1. Rounded to the nearest 500 deg cm²/dmol, what is the calculated helix-only ellipticity per residue at 222 nm for the chain, with -39500 (n - 2.57) per DSSP H run of length n ≥ 4?
2. Might you report the magnitude of the Cβ-based charge dipole of the stretch 3-159 about its Cα centre, with Lys and Arg at +1 and Asp and Glu at -1, to the nearest 20 debye?
3. Before anything else, pin down the relative contact order of the chain: Cα pairs under 8 Å, at least 6 apart, normalised by residue count, whole percent.
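Every number in this text was worked out from the coordinates using simple rules, so none of it is lab data. Just so you know, these numbers come straight off a predicted model, no measurement behind them. Neighbour counts run over all protein chains shown; Cβ positions are idealised from the backbone, glycine included.
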Amino acid sequence: MSVGLASQTAARLIGGVSAFLMLLIDQAHKFWMLDVYDIASRQPVQVLPFFDLVMAWNKGVSYSLFEANTELGRYGLLAVTGAATLFLAVWLGRSTTKLSGLGLGLIIGGAIGNGIDRTLYGAVADFFHFHVGSFSWYVFNLADIGIVAGVGLLLYESLVSPDAKPSA
């Protein structure tokens with residue numbers, strides 16, 4: 001096996017495993033929060049003075065942008081999620097570094113997790129709410145954390161890591 005093929009295989013494996021684990025952890029947490037802990041009847045649950053557990057249904061994307069209040073809108077968001085996930089899977093298939101494999105896997109797993117919510121519930125279940133005084137950060141979930149972490153890893157790899165190629 002050539003070095004290039006070996007690194008591509010490692011990147012794919014890391015990406016596939018991280019996507020699966022991100023999806024599994026996200027869906028297990030959502031199941032626990034919704035069906036076992038029943039956050040909807042307990043909210044808000046103050047964990048720290050600046051952090052609460054809440055129940056929020058997001059019918060849009062980040063910050064509730066492009067809110068889909070109709071079935072057509074929901075299917076449109078599902079189609080965009082599916083197309084983006086397919087694009088990311090192709091990118092993962094061409095990746096040659098473990099870091100890009102990990103980053104892409106986290107994004108893919110998070111996107112699929114939120115897509116499952118949108119399919120099952122018509123909206124994405126969000127639980128984590130940070131706030132300080134009158135400042136309130138948006139409510140998010142573990143899938144969102146995976147997506148942001150994955151994007152961060154891809155940015156790090158392309159801009160900062162020793163493997164980043166200098167621009168011409």
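1. Roughly -20500 deg cm²/dmol at 222 nm, from the helical runs in the chain.
2. 400 debye
3. 31 percent
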